[in-house]
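Notes for the one structure printed next.
The values are calculated or read from the model by the stated rules, or taken from the named source; none is laboratory data. Every value quoted in this text rests on a predicted model; they were computed, and no experiment measured them. Ideal geometry is used to build each Cβ from the backbone, glycine not excepted, and the neighbour counts take in all protein chains shown.
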Amino acid sequence: MRFSKFGLTTLKETPAEAEILSHQLMLRAGLIRRLASGLFTWMPLGLRVLRKVENIVREEMNRAGALELLMPAVQPAELWQESGRWDKYGHLLLRMHDRHEREFCFGPTHEEVITDIARRELRSYKQLPINFYQIQTKFRDEIRPRFGVMRAREFIMKDAYSFHVDMESLEEGYQAMHAAYTAIFERLGLKFRVVNADSGEIGGSRSQEFHVIADSGEDAIAWSEDDDYAANVEAAEISPLEGEPTAASQDLEKVHTPDTKTIDDLAQLLKVTAKQTLKTLIVDGESGPVALALRGDHELNAIKAGKIPGVASPLTMSDPATIRKVTGCEPGYAGPIGLDIPVYFDHATRLMSDFVCGANESEMHYTGVNFARDLDLPETLDIRNVVAGDPTPNGKGTLKIDRGIEVGHIFQLGTMYSEAMKATIQDQNGKDIA
């Protein structure tokens, strides 16, 4: 087609809503046009680019032996209720009712639908392994759509689902998808890194993400050039620290600390570093509130903390009334000394000495706190986000932190969906297995 007939419109000025360079260039070049927040039209030139990317994805998936199909974008609530995700998925699930008041959702993912297909179509182990994939429009009710098509309410995604008779076959299928994704991103000329990850709402045991390294990335990834370790910060592991705390050099003292509800306020008032403070967070538990204690300069990892036995999942901070009831003070002044609820300490707290913590009394903190003398030396857990300079889990490397854009994710789901939805086949002995 002649360029004069193409109807391409470009923009001289950068639209105000475009936050990052890729979004700005796509708008100015006429690849996309915004309809509403998180909703975009792919213009003719942009659609040609999109189709070329889709073709690369399709070629590599076909080469890996996957079978393409197309599932409905609208899914009945019954399937999601059967898997247990209707309530668990939360507000990201875009829901609707038909004229008969039956509940549906616009699919953000298709585990339930493909499992329903499998239980209808697959009968024998002889039909496995099998891998279905689609390139389909997805919907997620994002709180704050941003970065153009990178975080939109409606987007196009390739999703694949494989079924296997045993763990050995599952591992082979997992590695095949790892190789296919690697080939896709190499053909696209992307600088990417594969990192260990948490499975999130999808579920399953093993999970890896493919991240394009970019300053505009929303995810932080931890990696080391000294060994092969790489993980999403949410999943990056920290091993217990060796050694003993430095001997106490200060007496325990309770001091008045008005208007210090944050670590920064406290450190500034007492002229200490955040590293010398201990923060105690009160969260909901399965049978009552639970306390989580970590160094003041560290951030709580909600995913790790949510996996502690007895802690409610997803992790939920206790409301102010509950905090007052269990600590006897206003929020911001809680501490582990004398606290009559379970307290879980992060690994990094074990080597602290002469530190500051809340006194469970409004506007009061303890200084000169030491384990063994003022608190029992705790058993510790990994409940924080890693930071640059932390050792890798095997201790052979040092972590660096980069920003990344997640462009691919592979999971080993096990029997999570097949058991919940009673999708079974007959094995070699005629026995039904999920």
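Below are the figures for this structure:
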{"read-out": "Residues (basic (Lys, Arg) and in a helix (DSSP H, G or I)) located in segment 122-162", "value": "Lys126"}
{"read-out": "Segment 76-103, residues that are among the hydrophobic types (A, V, I, L, M, F, W, C) and without any contact (Cβ under 8 Å) to a residue 40 or more places away in the chain", "value": "Ala77, Trp80, Trp86, Met96"}
{"read-out": "Close pairs (8 angstrom Cβ cut-off, 6 or more residues apart or separate chains): at positive phi in segment 51-75, of a type outside the set (Val, Ile, Thr) anywhere", "value": "Gly65/Asn131; Gly65/Ala176"}
{"read-out": "Residues that are among the acidic types (Asp, Glu) and modelled with pLDDT under 95, drawn from segment 57-91", "value": "Asp87"}
{"read-out": "Single match in Val74, Val49, Val53 (criterion: aliphatic (A, V, I, L, M) and in contact with a strand residue (DSSP E or B) (Cβ under 7 Å, 6 or more places away or on another chain))", "value": "Val74"}
{"read-out": "Selection count where residues are closer than 28 Å to Arg58 by Cα and surrounded by 13 or more Cβ atoms within 10 Å (Cβ to Cβ), scope segment 93-135", "value": "28"}
{"read-out": "Subset tally (residues that are of a type outside the set (Gly, Ala, Ser) and in a loop (DSSP other than H, G, I, E, B)) for segment 8-36", "value": "12"}
{"read-out": "Test: residue in segment 163-171 that is closer than 21 Å to Tyr89 by Cβ and assigned to a strand (DSSP E or B)", "value": "no"}
{"read-out": "Strands (runs of 3 or more DSSP E) lying entirely in segment 184-267 (those with 1 or more residues that are more than 24 Å from His347 (Cβ to Cβ), touching a residue at least 40 places away in the same chain (Cβ under 8 Å) and under 27 Å from the mean Cα position of the chain (by Cα))", "value": "192-196, 206-213"}
{"read-out": "Checklist (1) at pLDDT 95 or above; (2) within 26 Å of Asp226 (Cα to Cα) applied to Asp390, failing item", "value": "(1)"}
{"read-out": "Subset of segment 413-434 (residues that are buried (at least 19 other Cβ atoms within 10 Å of the Cβ) and of a type outside the set (Ser, Thr, Tyr))", "value": "Leu413, Met416, Met421, Ala423, Ile425"}
{"read-out": "Extreme residue, nearest to Leu300 (Cα to Cα), among residues of segment 380-434 that are assigned to a strand (DSSP E or B) and small (Gly, Ala, Ser)", "value": "Gly404"}
{"read-out": "Unique residue being at pLDDT below 95 and either over 26 Å from Val53 (Cβ atoms) or crowded, with 20+ Cβ neighbours inside 10 Å (or both) when the list is Glu237, Glu142", "value": "Glu237"}
{"read-out": "Evaluation of Pro258 against (1) within 28 Å of Tyr366 (Cα to Cα); (2) surrounded by 14 or more Cβ atoms within 10 Å (Cβ to Cβ); (3) modelled with pLDDT of 90 or more; (4) not small (Gly, Ala, Ser) (one fails), failing number", "value": "(2)"}
{"read-out": "Test: residue in segment 284-295 that is outside any loop (DSSP other than H, G, I, E, B), of a type in the set (D, E, K, R) and either touching a Phe, Trp or Tyr at 6+ places or on another chain (Cβ under 7 Å) or closer than 25 Å to Pro314 by Cα (or both)", "value": "yes"}
